[in-house]
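K.L.:
Please find one structure pasted underneath; my questions will follow.
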Amino acid sequence: MTLTFDEIYYRDLLIKFTPKVIETELEYEAYLAVLEELTFAKNLTQEEKALYKLLVLLIENYETENYPMTPVEPYEILQHLIVASGISQQDLVGIIGSDEVVSQLMDGKLSLNNWQSKALADYFQISPTIFQL
(Lines give C-alpha, C1' and ligand atoms only; values in the text may rest on other atoms or scores of the structure.)
Protein backbone atom coordinates (compact mmCIF):
# COMPACT_ATOMS: atom_id res chain seq x y z
CA MET A 1 0.00 0.00 0.00
CA THR A 2 1.50 3.32 -1.07
CA LEU A 3 0.76 6.30 1.11
CA THR A 4 0.10 9.51 -0.74
CA PHE A 5 0.77 12.97 0.50
CA ASP A 6 -2.50 14.72 1.36
CA GLU A 7 -1.88 18.34 0.39
CA ILE A 8 -5.18 19.50 1.87
CA TYR A 9 -4.35 18.02 5.29
CA TYR A 10 -0.83 19.48 5.09
CA ARG A 11 -2.24 22.89 4.18
CA ASP A 12 -4.57 22.63 7.21
CA LEU A 13 -1.57 21.83 9.43
CA LEU A 14 0.28 24.84 8.04
CA ILE A 15 -2.74 27.08 8.60
CA LYS A 16 -3.07 25.81 12.17
CA PHE A 17 0.59 26.43 12.98
CA THR A 18 1.67 28.96 10.30
CA PRO A 19 5.43 28.30 10.40
CA LYS A 20 7.78 31.11 9.44
CA VAL A 21 11.36 32.13 10.10
CA ILE A 22 11.82 32.31 13.87
CA GLU A 23 12.73 35.83 15.00
CA THR A 24 12.19 35.87 18.77
CA GLU A 25 12.89 33.67 21.75
CA LEU A 26 9.14 33.40 22.36
CA GLU A 27 8.60 32.02 18.85
CA TYR A 28 11.55 29.68 19.35
CA GLU A 29 10.01 28.28 22.54
CA ALA A 30 6.64 27.82 20.81
CA TYR A 31 8.24 25.95 17.90
CA LEU A 32 10.15 23.73 20.32
CA ALA A 33 6.90 22.87 22.09
CA VAL A 34 5.22 21.83 18.83
CA LEU A 35 8.32 19.89 17.79
CA GLU A 36 8.36 18.06 21.12
CA GLU A 37 4.69 17.20 20.72
CA LEU A 38 5.35 15.77 17.26
CA THR A 39 8.48 13.97 18.46
CA PHE A 40 6.54 11.94 21.01
CA ALA A 41 3.40 11.44 18.94
CA LYS A 42 2.79 7.94 17.69
CA ASN A 43 2.21 7.09 14.02
CA LEU A 44 2.82 10.47 12.43
CA THR A 45 1.21 10.95 9.05
CA GLN A 46 3.28 11.89 6.00
CA GLU A 47 2.02 15.44 6.38
CA GLU A 48 2.95 15.62 10.08
CA LYS A 49 6.41 14.29 9.23
CA ALA A 50 6.77 17.06 6.62
CA LEU A 51 5.78 19.67 9.21
CA TYR A 52 8.24 18.11 11.66
CA LYS A 53 11.10 18.40 9.12
CA LEU A 54 10.17 22.01 8.39
CA LEU A 55 10.17 22.89 12.10
CA VAL A 56 13.55 21.22 12.58
CA LEU A 57 15.01 23.36 9.78
CA LEU A 58 13.53 26.56 11.20
CA ILE A 59 14.73 25.75 14.73
CA GLU A 60 18.22 24.80 13.54
CA ASN A 61 18.42 28.06 11.61
CA TYR A 62 17.44 30.08 14.70
CA GLU A 63 19.89 28.17 16.91
CA THR A 64 22.73 28.64 14.43
CA GLU A 65 22.16 32.38 14.37
CA ASN A 66 21.47 32.87 18.08
CA TYR A 67 23.44 30.14 19.81
CA PRO A 68 26.62 29.77 17.77
CA MET A 69 28.93 27.01 18.89
CA THR A 70 32.63 27.64 18.92
CA PRO A 71 34.71 24.82 17.48
CA VAL A 72 36.07 22.42 20.10
CA GLU A 73 39.32 20.54 19.68
CA PRO A 74 39.22 16.74 20.10
CA TYR A 75 41.56 16.90 23.10
CA GLU A 76 39.12 19.30 24.81
CA ILE A 77 36.32 16.82 24.24
CA LEU A 78 38.49 14.09 25.72
CA GLN A 79 39.28 16.26 28.75
CA HIS A 80 35.56 16.87 29.28
CA LEU A 81 34.69 13.18 28.95
CA ILE A 82 37.31 12.25 31.53
CA VAL A 83 36.02 14.79 34.04
CA ALA A 84 32.35 13.99 33.36
CA SER A 85 33.00 10.25 33.71
CA GLY A 86 34.95 10.64 36.94
CA ILE A 87 37.95 8.75 35.61
CA SER A 88 41.61 9.71 35.41
CA GLN A 89 44.04 9.98 32.52
CA GLN A 90 45.67 6.83 33.85
CA ASP A 91 42.48 4.86 33.11
CA LEU A 92 43.08 5.41 29.38
CA VAL A 93 46.62 4.03 29.41
CA GLY A 94 46.53 0.78 27.49
CA ILE A 95 43.31 1.78 25.74
CA ILE A 96 44.77 4.51 23.53
CA GLY A 97 48.48 4.25 24.22
CA SER A 98 51.21 4.60 26.80
CA ASP A 99 51.20 7.03 29.71
CA GLU A 100 53.25 9.47 27.62
CA VAL A 101 50.92 9.19 24.61
CA VAL A 102 47.82 9.74 26.77
CA SER A 103 49.48 12.76 28.39
CA GLN A 104 50.38 14.28 25.01
CA LEU A 105 46.87 13.64 23.69
CA MET A 106 45.37 15.30 26.75
CA ASP A 107 47.60 18.35 26.30
CA GLY A 108 46.76 18.65 22.61
CA LYS A 109 50.37 17.96 21.62
CA LEU A 110 49.33 14.84 19.69
CA SER A 111 46.24 14.37 17.58
CA LEU A 112 43.96 11.39 17.98
CA ASN A 113 44.27 8.91 15.14
CA ASN A 114 41.37 6.84 13.81
CA TRP A 115 41.93 3.77 15.95
CA GLN A 116 42.31 5.88 19.12
CA SER A 117 39.07 7.70 18.29
CA LYS A 118 37.35 4.34 17.82
CA ALA A 119 38.80 2.96 21.07
CA LEU A 120 37.67 6.05 23.00
CA ALA A 121 34.24 5.90 21.39
CA ASP A 122 33.89 2.27 22.48
CA TYR A 123 35.11 3.10 25.98
CA PHE A 124 32.77 6.08 26.47
CA GLN A 125 29.97 4.50 24.39
CA ILE A 126 29.72 7.43 21.96
CA SER A 127 30.21 7.94 18.24
CA PRO A 128 33.83 8.23 17.10
CA THR A 129 32.81 11.18 14.91
CA ILE A 130 32.71 13.36 18.04
CA PHE A 131 36.50 13.45 17.86
CA GLN A 132 36.58 14.72 14.29
CA LEU A 133 36.98 18.41 13.50
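K.L.:
For Lys109, which lysines qualify as cross-link partners when the Cα separation must be under 20 Å and same-chain residues fewer than eight apart are set aside?
P.N.:
List returned: Lys118.
K.L.:
In addition: Could you rank the peptides 54-65, 33-44 by their average count of other C-beta atoms within 10 Å per residue, with the highest value first? Write down the numbers at each step before the final one.
P.N.:
On the way: 54-65: 14.4, 33-44: 11.0.
Top to bottom by mean Cβ count within 10 Å: 54-65, 33-44.
K.L.:
Counting helices only, and only those DSSP H runs with n ≥ 4, report the 222 nm mean residue ellipticity of the chain as the sum of -39,500 (n - 2.57) divided by its residues, in deg cm²/dmol to the nearest 500. Write down the numbers at each step before the final one.
P.N.:
On the way: 6 runs with 79 residues, N = 133.
Calculated mean residue ellipticity at 222 nm is -19000 deg cm²/dmol.
K.L.:
Over every pair of different alpha-carbon atoms in the stretch 10-74, take the mean of 1/r and invert it; report that Kirkwood radius in Å. Walk me through the numbers before you get to the answer.
P.N.:
On the way: mean 1/r = 0.0777 Å⁻¹.
Result for the stretch 10-74 stands at 12.9 Å.
K.L.:
I need the peptides 7-16, 71-80 ranked by packing, meaning the mean over residues of other C-beta atoms within 10 angstrom, with the highest value on top. Could you put the intermediate results ahead of the total?
P.N.:
Numbers: 7-16: 11.9, 71-80: 14.7.
With the highest mean Cβ count within 10 Å placed first, the list reads 71-80, 7-16.
K.L.:
Next question, about the same structure. Hey, what's the stretch 1-79 come to in accessible area per residue, 1.4 Å probe, Å²? Write out the running numbers ahead of the final one.
P.N.:
On the way: 6010 Å² over 79 residues.
Accessible area per residue, the stretch 1-79: 76 Å².
K.L.:
What's the magnitude of the charge dipole for the stretch 18-133 around its Cα centre, counting Lys and Arg as +1 and Asp and Glu as -1 at the beta-carbon? Answer in Debye, nearest 20.
P.N.:
Working: 6 positive and 18 negative charges, 89 e Å.
Here the size comes out at about 420 debye.
K.L.:
Can you list the equivalent-ellipsoid semi-axes of the stretch 41-90, largest first and in whole Å, using the square root of 5 times each Cα gyration tensor eigenvalue? Present the calculation step by step, with values, prior to reporting the outcome.
P.N.:
On the way: eigenvalues 265, 61, 10 Å².
Equivalent ellipsoid semi-axes, largest first: 36, 17, 7 Å.
K.L.:
Suppose the Debye formula is applied to equal point scatterers at every Cα of the chain; what is log10 I(q)/I(0) at q = 0.09, 0.12, 0.15 Å⁻¹?
P.N.:
For the chain at q = 0.09, 0.12, 0.15 Å⁻¹, log10 I(q)/I(0) is -0.49, -0.69, -0.80.
The values are calculated or read from the model by the stated rules, or taken from the named source; none is laboratory data. Computed from a predicted structure; not experimentally measured. Methodologically, a virtual Cβ is constructed for each residue, glycine included, from the backbone with ideal geometry; neighbour enumeration extends over all protein chains shown. Heavy atoms of the whole protein, side chains included, go into the accessibility calculation; ligands, DNA and RNA do not. Shrake-Rupley method; radii C 1.70, N 1.55, O 1.52, S 1.80 Å.
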